[in-house]
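The values are calculated or read from the model by the stated rules, or taken from the named source; none is laboratory data. Values in this document were obtained by computation on a predicted structure and should not be read as measured data. Don't worry about glycine lacking a Cβ; one is built from the backbone with ideal geometry, like all the others, and counts go over all protein chains shown.
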């Protein structure tokens, strides 16, 4: 059951000086491709929703249709926040924040979240807490994913976050992570017949989901999560070498590791494709920093522009070509490319290897790109569970169970 909370303590809350650089999703948004200008509004208290996603009806809580909702996604590489208000069958984002925190840095070697990584994540969560205090947020859900699932000190870190920021993070399962990603981005999938695949390349894991999208609300047919994300795969395969040959060998190793993990799902996906042969071209939709970065390079953008990328359809061959090119470049060369820079230069190659393995599993000719995912799925779940939006309530019912 969702709860309402009084304003959080503001002790130790930092400012938002670097939000402009890292805030990739701050435009007004509904659940169609982005076209609206920026908007800011609101002040007030914040709260946190428990893992069930179930909420008391709005009329019983006193939460009206103009009330704001919030979603925080603390991943292995990024900390992201969205604050939105319902708008008919969609929602409008009124505030957003994203920062690279690399919470899972070193986790593959030690099994622990490092002190430096936890401090970076806490600094970002303090910014989130400040925004939650300043916006009219009564219901929120905050989740943590693979890094906190795997780390032996993950639960202790969650308690530290609660004590220092007032944010109650819920360590969600890979199953729930996949469900929320589908719920948040499926509307961008190309129309068509037969099964389609949605994937989410994270920092510590990757989720693949096969869906039946013949109805307005998708039905999940099959799914898999593997423990390879851009951080975990990069660290497992070690530093890239100085020569092009060593970089090529490392990239081959990355692709082999991911492909081996995908093998059971690949077999099942092949059967789904065979059953629905003749239903038109394969459809594929990706949500991750990897696909949005590569889409930006495909468009030759001078800097990242969410409105140009979210909802874009890119030829799969172009994404493979860009991946191959990036894997052969040195980290210094990648840093000079627009939309990559220093923060993504060392991790983007692992993302390319994962993406190419996905294209092997589901060889679609075209790839849909989504700059949305878990946070949007959380918001749709909260709004639907609180009795608002008939379509969102139907989505919540049909995606509640995977498989």
Which members of segment 292-310 meet the condition of being under 23 Å from residue 77 (Cα atoms), modelled with pLDDT of 95 or more and touching a helix residue (DSSP H, G or I) at 6+ places or on another chain (Cβ under 7 Å)?
292, 293, 294, 295, 296, 297, 309
Any residue that is more than 22 Å from residue 96 (Cβ to Cβ), at pLDDT 95 or above and buried (at least 16 other Cβ atoms within 10 Å of the Cβ) - is there at least one of those in segment 366-373?
yes
Considering segment 78-110 alone, what residues qualify as being in contact with a strand residue (DSSP E or B) (Cβ under 6 Å, 6 or more places away or on another chain) and within 18 Å of residue 148 (Cα to Cα)?
78, 79, 80, 81, 99, 100, 101
Within segment 134-153, is even one residue surrounded by fewer than 21 Cβ atoms within 10 Å (Cβ to Cβ), out of contact with any strand residue (DSSP E or B) (no Cβ under 9 Å at 6 or more places or on another chain) and touching a residue at least 60 places away in the same chain (Cβ under 8 Å)?
yes
Residues satisfying the stated conditions in segment 201-217, i.e. in a strand (DSSP E or B) and within 16 Å of the chain's Cα centre (by Cα):
201, 206, 207, 208, 209
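Using the structure shown, decide if residue 121 is within 16 Å of residue 78 (Cβ to Cβ), outside the structural domain of residue 364 (by TED's automatic domain parsing) and over 14 Å from the mean Cα position of the chain (by Cα).
Against the criterion (within 16 Å of residue 78 (Cβ to Cβ), outside the structural domain of residue 364 (by TED's automatic domain parsing) and over 14 Å from the mean Cα position of the chain (by Cα)), residue 121 qualifies.
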Selection count, segment 341-357, where residues are surrounded by 24 or more Cβ atoms within 10 Å (Cβ to Cβ) and either outside the structural domain of residue 267 (by TED's automatic domain parsing) or touching a strand residue (DSSP E or B) at 6+ places or on another chain (Cβ under 8 Å) (or both)
3
Just to be sure, is residue 191 surrounded by fewer than 22 Cβ atoms within 10 Å (Cβ to Cβ) and in the same structural domain as residue 356 (by TED's automatic domain parsing)?
yes
It is to be established whether one or more residues within segment 82-97 are in contact (Cβ under 8 Å) with a residue 40 or more places away in the chain, surrounded by fewer than 22 Cβ atoms within 10 Å (Cβ to Cβ) and within 17 Å of residue 203 (Cα to Cα).
no
Looking at 382, 355, 337, which one is outside any loop (DSSP other than H, G, I, E, B) and modelled with pLDDT under 95?
382
Suppose the filter is in contact with a strand residue (DSSP E or B) (Cβ under 8 Å, 6 or more places away or on another chain), at pLDDT below 95, closer than 20 Å to residue 75 by Cα and crowded, with 18+ Cβ neighbours inside 10 Å; does residue 182 pass it?
yes
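Which helices (runs of 4 or more DSSP H) does segment 239-327 wholly contain that include 3 or more residues that are crowded, with 20+ Cβ neighbours inside 10 Å?
Here the list reads 244-275, 289-299.
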Checking the conditions here, which among 220, 158, 198 is buried (at least 24 other Cβ atoms within 10 Å of the Cβ) and either free of Cβ contacts under 8 Å to residues at least 40 places away in the same chain or not in a helix (DSSP H, G or I) (or both)?
198
Can you name the condition, by its number, that residue 238 falls short on among (1) at pLDDT 95 or above; (2) within 30 Å of residue 332 (Cα to Cα); (3) out of contact with any helix residue (DSSP H, G or I) (no Cβ under 7 Å at 6 or more places or on another chain)?
(1)
